[in-house]
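Input: a single structure, listed below in structure tokens.
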Amino acid sequence: MSAPAPLSACHIGSFAYLTVKDRLPIILTRVIDYLYRERNAIAEKYGEGAREGCKEVVGRLSQLKNEIQTNKPLQLLQPTHPLSPHDDSESWNQRYEEYMNIDDVPPKWFTAPWLYVECYMYARIHESFYLCDVLKDFDPFMVQKQDSLLQSHLACEALAQHVLSVCNSLHSATQEQLKQHVIKLIEVSVWGNKCDLSISCGAGRAQNDNLLASLDTLRSYLLVNDSEKLWQFLVSLPEDQRDIVLVLDNAGFELVSDLCLLTLLVEAGLTTSLTIHTKTRPWFVSDTTLADLTWIITTLREKGGACSEIGKKWEGYLAGNRWKVSEHGFWTTHHHYAEMSTASPALYSQLSKASLIIFKGDLNYRKLTGDLDWPTTTKFEKALQGFNVAPLVTLRTAKGGPVVGLADGQAEEVASIASDWNISGDYGMIQLCTFL
Ligand code: MG
């Protein structure tokens, strides 16, 4: 059987349709309003030229918003002058031509694949800034990302306290206790994925309470729970060959929850090398860039209490190369992951050395599954379409895009309880594929 069609906004009422119709224009409006409101403060920081720059960018973003709302054809991206190493306009424009060749008409917002148009919007936002020299590195989502961390302070403190006390007790922990500790932090990392600003269009998505206290209740909301298998897989790896890669999703509380999981993996000797992949540019509102990662660690370190202690620990891991950070432009392309081996052989080869790759969040899940309209009972490995670079696990709460690997009747059952189950973020997945 051939693969299903890509999800697309052409289906009126679908989540893809509502995203293109409502969510994307709202995200643009927030950036436009922010630039207009803060133009003086931005000029103070980036120099007088930035005031005019804000005006230019607002003009471009307003045009982009209009193109979306009137379902105009997508435009070719403009290359940077001089050509920046992060410029990927050629690849975007090539994909554009491919769509032209298939349909003989340019791709449009409501008819082209949803994954492509949603990624394209963020590439256009980035283009709007890089065409303006003084603002070429400006992150229009930075303040939203930072606020979401600051509003989650109590949850971060409770989590940091927990992780530090677990780390201090590891010398006397049994294997069973260690397993329970690891599984708990995997679950925290899953639920941390609820704090996604692209779904809330940038409105506050903080973690208000101590997540640890809710884990037992939340467990019944895991649609796929391979945590036990994941544990067995982790401990089956040779002790001197546990190279773990984490491909991040959102900054804010989610990033803290991810780093807490990594802390335990390091302290418990469950990993020999750990590489964290960030985005190279602002993406899907809250996705983590290297600047976000650095900011979060510095901010926690200055907070006092357990946050401070854990922040220092993380700085030490990074300084001592126990945690490495990798920035790769592939993560902000339009490519789904089955295309990685040809679109980015270098990254593919780097990832092929991993013992386990942890993919966080919806966008990774959508790119892993090609964002196709898979039946929910499709086997996860089948939906990966040959992307078998290394054993991998996905940790996400479902907030749109495909859901695969469910049992017969499971989707119907959960839909009878909550009709918005696959977009609300209330249901989570820990889904492992070892290709064995
Ligand atoms: Mg995200």
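Structure values in brief
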item: Positive-end extreme of charge dipole, segment 108-213 - chosen from Val190, Phe138, Ala173 (charges on Cβ); result: Val190
item: Label-point gap, in nm, between Glu56 and Ile26 - each point 7 angstrom along Cα→Cβ; result: 3.1 nm
item: Ellipsoid semi-axes in whole angstrom, largest first, where each is sqrt(5λ) of the Cα gyration tensor of the chain; result: 34, 27, 21
item: Per-residue Cβ neighbour rank within 10 angstrom, fewest leading, His181, His153; result: His153, His181
item: ³J(HN,Hα), Karplus 6.51/-1.76/1.60, whole Hz, each residue of segment 430-436, x for Gly, Pro; result: 10, 10, 9, 9, 9, 6, 9
item: Inter-part distance where segment 120-159 and segment 368-412 are each reduced to a Cα centre, Å; result: 29 Å
item: Pair-distance profile P(r), taking every C-alpha pair of segment 55-127, with 10 angstrom steps and integer %; result: 18, 52, 27, 3
item: Backbone HN-Hα couplings from phi across segment 307-314 [Karplus 6.51/-1.76/1.60, Hz, Gly and Pro as x]; result: 4, 4, 5, 6, x, 5, 4, 5
item: Under 29 Å from the Cα of Lys55 - lysines, other chains or at least 8 residues apart; result: Lys21, Lys45, Lys65, Lys72, Lys108, Lys136, Lys145, Lys279
item: 14 Å beta-carbon shell around Lys379, net charge (K/R +1, D/E -1); result: -2
item: Gln63-Asn388 FRET efficiency (beta carbon distance; Förster radius 51 Å; 0.05 resolution); result: 0.75
item: Per residue convex hull volume, Cα atoms of segment 237-368, in Å³; result: 103 Å³
item: Centroid-to-centroid separation of segment 72-104 and segment 255-287 [C-alpha atoms, Å]; result: 31 Å
item: FRET efficiency for Gln232 and His86, using Cβ-Cβ distance with R0 set to 45 Å, rounded to 0.05; result: 0.65
item: Reference-scaled alpha-carbon Rg (2.2 N^0.38 Å with N residues) for segment 18-61; result: 1.30
item: Bridge type composition, the chain - antiparallel percent by DSSP, nearest 5; result: 30 percent
item: Phi-based couplings in Hz for segment 130-141 (Karplus 6.51, -1.76, 1.60; Gly and Pro marked x); result: 6, 6, 10, 3, 5, 10, 5, 9, 6, 9, x, 9
item: Computed magnitude of the charge dipole of segment 234-315 (debye, nearest 20; Cβ of K, R +1, Cβ of D, E -1); result: 220 debye
item: Nearest-20 debye value, the chain charge dipole, Cβ charges on Lys, Arg, Asp, Glu; result: 360 debye
item: Average projection area in nm² (convex hull over Cα atoms of segment 279-331, one quarter of hull surface); result: 4.0 nm²
item: Ellipsoid equivalent to segment 116-274 - semi-axes via the Cα gyration tensor, in Å; result: 33, 19, 15
item: Using a Förster distance of 30 Å, the FRET efficiency for Gln177-Arg219 (Cβ separation, nearest 0.05); result: 0.95
item: Equivalent-ellipsoid semi-axes of segment 72-191, from the Cα gyration tensor, Å, largest first; result: 45, 20, 14
item: Label point distance in nm, Lys353-Asn71, each placed 7 Å from Cα along Cα→Cβ; result: 4.9 nm
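Read the figures in this text as sums done on the coordinates, not as results from a lab. Only a predicted model underlies this, so the values are computations on that prediction, with no experimental measurement involved. Cβ coordinates were reconstructed from backbone atoms using ideal geometry, including for glycine residues, and neighbour counts include every protein chain displayed.
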